[in-house]
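Q: Supplied in structure tokens, the structure appears directly below.
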Amino acid sequence: QRLKAAVHYTVGCLCQEVEEDKGVQFSKQSIAAISEITFRQCEIFAKDLEMFARHAKRTTVNTEDVKLLARRSSSLLKYITQKSEELASSNTEQKKKKKSGAAKGERTPGEQEAAVTENEDSNMA
């Protein structure tokens with residue numbers, strides 16, 4: 001129910017942006033209809049993604065499943081492919097930094113923060 005309300009709110013915000021940009025009015029009924037269609041389509045997408053993963057004998061949905069879902073829209077598929085490649089390359093860079101930092105005995109910012117918290121906790125005890 002909360003998710004449905006969040007979708008409705010987001011659709012309302014997007015409709016407001018279109019109203020300001022294009023000078024078009026949306027009735028409350030049309031916003032509600034767009035929200036309902038969007039929510040139902042997301043449910044269908046979720047089921048499809050689950051089935052793609054299950055068909056591949058996996059329990060986790062991955063980027064290949066999302067690409068398969070987006071295959072009918074070439075522009076969306078292109079965008080998702082580009083973003084997944086960007087994420088993969090940034091993850092690779094982060095792993096390299098962690099490995100080189102670990103080899104030098106350095107800590108990542110997250111590890112430093114955890115160490116500081118650990119020290120504070122032990123000092124309080």
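Q: Is it fair to say Leu68 is open to solvent by 60 Å² or more (accessible area, probe 1.4 Å), over 22 Å from Val7 (Cβ atoms) and modelled with pLDDT of 95 or more?
A: yes
Q: Would you mind stating whether Gly101 is modelled with pLDDT under 95 and at positive phi?
A: Criteria not met by Gly101.
Q: Given the conditions (1) in contact with a His (Cβ under 9 Å, 6 or more places away or on another chain); (2) modelled with pLDDT under 95, which single one is not true for Phe39?
A: Unmet for Phe39, out of (1) in contact with a His (Cβ under 9 Å, 6 or more places away or on another chain); (2) modelled with pLDDT under 95: (2).
Q: Hey, could you check the stretch 10-25 for residues that are open to solvent by 90 Å² or more (accessible area, probe 1.4 Å) and in a helix (DSSP H, G or I) and say which is nearest to Ala88 (Cα to Cα)?
A: Leu14
Q: Picking from Lys47, Lys57, Lys28, Lys4, which residue would you name as being on the phi > 0 side of the Ramachandran plot and either open to solvent by less than 70 Å² (accessible area, probe 1.4 Å) or free of Cβ contacts under 8 Å to residues at least 60 places away in the same chain (or both)?
A: Exactly one residue qualifies, and that residue is Lys57.
Q: Right, another one. Could you please tell me which pairs satisfy a Cβ distance under 8 Å, a separation of 6+ or placement on different chains, a first residue in the stretch 60-87 that is over 21 Å from Glu50 (Cβ atoms), and a second residue that is assigned to a helix (DSSP H, G or I)?
A: Thr81/Lys67
Q: Here's a follow-up. Could you figure out which of (1) free of Cβ contacts under 8 Å to residues at least 24 places away in the same chain; (2) farther than 21 Å from Tyr79 by Cα isn't true of Phe39?
A: (1)
The values are calculated or read from the model by the stated rules, or taken from the named source; none is laboratory data. Since we're looking at a predicted model, the values are computed, not measured. Backbone-built Cβ (ideal geometry, glycine too); neighbour counts: all protein chains shown. We work out accessible area using only protein heavy atoms, side chains counted, and drop any ligands, DNA or RNA first. Shrake-Rupley method; radii C 1.70, N 1.55, O 1.52, S 1.80 Å.
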